[in-house]
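The structure appears below as structure tokens.
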Amino acid sequence: MPAKQQAAELRDLNDEDLAKELEETYREMFTTRLQLSTRQLANTSQARKVRTKLAQIKTIQRERELAALYEAATQPQDEEE
């Protein structure tokens, strides 16, 4: 799956689903690293793919966090007198 397509699919997820996907990716990374270290992993490029997916998820989460902070900062403040 091309990276742009995968990133677009990840952006379509809501925050809770994205957090679940992050947790699943961490688990997948753990098992991939374990298999790689015990020489059970046939496809050695899988480790890089999992790291890339992890970085994409974290980037999307950070984008959303910054967008929320920007929205909060640019909303007009109700001045109380």
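Brief remarks on what is shown
- Taking a ≥ b ≥ c as the square roots of the Cα gyration tensor eigenvalues, the stretch 34-78 comes out prolate, since a/c reaches at least 1.5 and a/b is larger than b/c.
- Rounded D (µm²/s) - the chain, Kirkwood Rh over Cα pairs, Stokes-Einstein at 37 °C, 0.692 mPa s: 222 µm²/s
- Of A72, T31, L10, farthest towards positive along the dipole that unit charges on Lys, Arg, Asp, Glu beta carbons give the stretch 3-73: T31
- Relative contact order for the chain, counting Cα pairs under 8 Å that sit 6 or more residues apart, in percent: 36 percent
Rule-based calculations on the coordinates, nothing more; no lab input. What you are looking at is a predicted structure, and each value in this text was computed from that prediction instead of being measured. Note that we place each Cβ from the backbone using ideal geometry, even for glycine, and neighbour counts take in every protein chain shown.
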